[in-house]
Amino acid sequence: NAEADSLNAAVLAPDVKVGGDIWYRFLNNVVTDIRQKAGQKCTAVRRILVPASLVDEVRTALVGRLKKTSIGDPSIEGVRMGALATRTQVERLREAVDKLSGQQEMVYGPLSDFELQGGSREHGAFFPPVLFQNSKPFENTLVHEVEAFGPVSTIIPYNDLEEAAQLTALGKGSLVSSIVSSDDN
């Protein structure tokens, strides 16, 4: 079932400087979360909230990292993401991605044309990382309601921290959300 009880978020605070340590930690943590266990964990980040002024930089950086994701048999050196749990999960994930695609732009996701290191497309349960961008998250709300339980996440712009809080709350409570900031307060 793609309908979610809650959708986790990672929020990049507006004080974070592009190219700084906190910036790179944020990017690395989001990408790790997308790829780890092929995104099949209840605490995976599904929504990436970013200051509107930084959306292009975040998208470019995340797509660049996701393009380097080697998919396949995890026993092969360099493979960063293995298979989903079952072929049925691949079908469910594809349905959720198709549903989400109706309301937001896919900015990365070679759904049928991705390289596979070991394993079998026909018998395996492999699915590439997918990154969406939802530029109207208060209007196009499936991003807050539908969980694609796999390596799928959506960049969502916000204008100020109050709006980021409102968008985070639309995830129906979330199991976990992170705010990444350079400001300890």
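The values are calculated or read from the model by the stated rules, or taken from the named source; none is laboratory data. Note that the coordinates shown come from a computational prediction; the quantities given were computed from them, not determined experimentally. Here the Cβ is made from the backbone with ideal geometry for all residues, glycine too, and neighbour counts use every protein chain on show. The area values use the complete protein model at the heavy-atom level, side chains included, leaving out ligands, DNA and RNA. Shrake-Rupley method; radii C 1.70, N 1.55, O 1.52, S 1.80 Å.
Can you tell me which of Val107, Val55, Val50, Val45 is assigned to a helix (DSSP H, G or I) and either free of Cβ contacts under 8 Å to residues at least 60 places away in the same chain or closer than 29 Å to Ile179 by Cα (or both)? The unique qualifying residue is Val55.
Scanning region 13-34 turns up no residue that is outside any helix (DSSP H, G or I), touching a residue at least 12 places away in the same chain (Cβ under 8 Å), closer than 20 Å to Gln166 by Cα and within 15 Å of the chain's Cα centre (by Cα).
In region 79-138, the residue that is least open to solvent (accessible area, probe 1.4 Å) out of those that are under 21 Å from Val63 (Cα atoms) and small (Gly, Ala, Ser) is Ala96.
Among residues of region 147-158 that are within 13 Å of Gly39 (Cα to Cα) and assigned to a loop (DSSP other than H, G, I, E, B), those with a beta-carbon under 8 Å from a residue that is among the polar types (S, T, N, Q) and open to solvent by 10 Å² or more (accessible area, probe 1.4 Å) at least six positions away or on a different chain give the pairs Phe149/Gln40; Phe149/Gln89; Gly150/Gln40; Gly150/Gln89.
State whether the residues of region 47-64 include one that is under 12 Å from the mean Cα position of the chain (by Cα) and open to solvent by 10 Å² or more (accessible area, probe 1.4 Å). The answer is yes, given that some residue of region 47-64 is under 12 Å from the mean Cα position of the chain (by Cα) and open to solvent by 10 Å² or more (accessible area, probe 1.4 Å).
Residues in region 10-33 that are open to solvent by less than 30 Å² (accessible area, probe 1.4 Å), closer than 27 Å to Lys172 by Cβ and modelled with pLDDT of 95 or more: Ala10, Val11, Leu12, Ala13, Val16, Phe26, Leu27, Val30, Val31. The set of residues in region 151-184 that are within 22 Å of Ser53 (Cα to Cα) and among the polar types (S, T, N, Q) comprises Ser153, Thr154, Asn159, Gln166, Thr168, Ser177, Ser178, Ser181, Ser182.
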